[in-house]
Amino acid sequence: MAPTVKSFFDPNTFSYSYVVWDPQTQCAAIIDSVFDYQPASGSLSTHSADLILGYVKRQQLSVEWILETHVHADHLSAARYLKSQIGGRIAIGNQIHCVQRMFGKIFNAEPQFAIDGSQFDRLFADEDQFKIGSLCVEVLHTPGHTPACVTYVIGDIAFVGDTLFMPDYGTARADFPGGNARLLYRSIQRIFALPATTTLYLCHDYGTASRNEFCGQTTVADEIRSNIQIHEGISEREFVEFRQTRDATLSAPKLLYPAVQFNMRGSALPPPEQNGQSYFKIPVEQK
C-alpha cells in the first residue's frame, strides 16, 4: 500500500515539512519540521508545529519517527517539541558528528556539548532500512550540501531535503563548512538512479520570476530532463565549476547562526548562562 503524504509550507522560511503515514496501520513519520523563530526579538513559537500536531490528531496517527534530512541552516527544527507532544524517535544521518565537530568549534560550544550525535534517538547509516508501520524506508547518504544529508526513500517517493530544488531553481549550495560540490554532484546522480517516475519531495521552494506558485514536489524524470543546473549532459566538472562560482556570490541564510546552533543540538537551545537565559552566538569577522 502506498503511503499518504501531507505537506505543510512555511512561507517565512520557504520550508516544506511532511507527515508521511501508512494507511494500513495509521503509523506516521514527520519530516523536516519547523519551529518558528523571530530573529529581531529572539522569540520562539510553535504555530507551524501545531499545524502538524493538529493534522496528526485529526487523522488519529501514531507518530513513530521525527526525521531530519540534515542539520538545517535556514530554519529551526521543531523535532524535540513534537516529540514532547506526541512521542516518536528523532533521527538523522550518522554523519551528524562531522557537523557538530565543525560548528562546535565555530561557535565555541560549551565543553559538555557532545559531538557524537547522542542528542538524537537514532543515527542512520547509508542503506539502513526501517519501518513506518508496514512501510519500508531506505536511507541514502547524499552529502554535498552538508556531510550529514540523507534521502529517505519509500517505494516510489523520496524525501531529498535541500539536495535538489525544483527544476527551474536548481540544487543546494555547497559552500557551508563540510560542503562539497563534487560530492553533491555524485549524490544527485544517486537520486537520479532511482526510477524515473519517483516523486521527489523537497525541503524548500523559493519560486522564480516566471513561476508565482510554490511547489514542493517534482520527479526524477523532470529533474534529469530540465534541472537548470544539473540536467542530463552536465558533467561533474561543469557542475563543480558552476556551483563554486555561484556559491561565492551567495549571502548567508538569515537564520544560519541560530538555526545551526539549535539544530546541531537536536533542536535544543544552548545551555542557559548564569542568569538563566540561553543565547545564540554570532561570530564576528574582522577584516
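Coordinate-derived values only; no laboratory data. Here the structure is a predicted model, which is why all the values come from computation and not from measurement. Glycine also receives a Cβ, built like all others from the backbone with ideal geometry; neighbour counts cover every protein chain displayed.
Which FRET efficiency value, to the nearest 0.05, is calculated for ASN275 and ILE106 with the Förster distance at 25 angstrom and r the Cβ-Cβ distance?
Values: r = 24 Å, r/R0 = 0.96.
In this case the efficiency is close to 0.55.
Which value, in debye to the nearest 20, gives the size of the charge dipole of the chain about its Cα centre, when Lys and Arg are +1 and Asp and Glu are -1 at the Cβ? Kindly include the intermediate steps, with their values, before the conclusion.
On the way: 23 positive and 30 negative charges, 89 e Å.
For this selection, approximately 420 debye.
For PHE9 and ALA248 in one chain, what is 0.36 nm times their gap in residues minus the Cα-Cα distance, to one decimal in nm?
On the way: separation 239, 0.36 × 239 = 86.04 nm, distance 2.84 nm.
Using 0.36 nm per residue and subtracting the Cα-Cα distance, I get 83.2 nm.
Against the empirical 2.2 N^0.38 Å scaling, what ratio does the C-alpha Rg of region 8-51 come to?
Values: Rg = 13.0 Å, N = 44, 2.2 N^0.38 = 9.3 Å.
With N residues counted in region 8-51, Rg over 2.2 N^0.38 Å equals 1.40.
Mind checking which of GLN26, GLN189, GLN274 has the largest fluctuation in a GNM of the chain, springs on alpha carbons under 10 Å?
Among GLN26, GLN189, GLN274, the largest mean-square fluctuation in the Gaussian network model of the chain belongs to GLN274.
Using the Karplus curve 6.51 cos²θ - 1.76 cosθ + 1.60 with θ = phi - 60°, work out ³J(HN,Hα) for each residue of region 220-233 in order, rounded to whole Hz, and write x for Gly and Pro.
Per-residue couplings from phi come out as 4, 4, 5, 5, 4, 6, 9, 4, 5, 10, 8, 5, 4, x Hz.
For region 146-287, which semi-axes, largest first and in whole Å, follow from the square roots of 5 times the eigenvalues of its Cα gyration tensor?
Numbers: eigenvalues 193, 69, 43 Å².
Taking √(5λ) for each Cα gyration eigenvalue gives 31, 19, 15 Å.
Once phi is turned into θ = phi - 60°, what whole-Hz ³J(HN,Hα) does the Karplus curve with 6.51, -1.76 and 1.60 give for every residue of region 206-216, x standing for Gly and Pro?
9, x, 9, 4, 9, 9, 7, 8, 7, 9, x
Give me the percent relative contact order of region 41-186, please, defined on Cα pairs under 8 angstrom at least 6 residues apart. Don't skip to the end; give the middle numbers.
Details: 232 pairs, mean separation 28.1, N = 146.
Contact order relative to length: 19 percent.
Alpha carbon centre of region 1-52 versus region 169-223: separation in Å?
Value for the Cα centre distance between the two parts: 19 Å.
Given 10 °C and 1.306 mPa s, compute D for region 4-252 with the Stokes-Einstein relation, Rh being the Kirkwood radius over Cα pairs; round to the nearest whole µm²/s.
Working: Rh = 18.5 Å.
Roughly 86 µm²/s, to the nearest whole number.
Would you look at the GNM of the chain, springs on alpha carbons closer than 10 Å, and say which of THR171, THR208, THR163 moves the most?
Highest fluctuation among the options: THR208.
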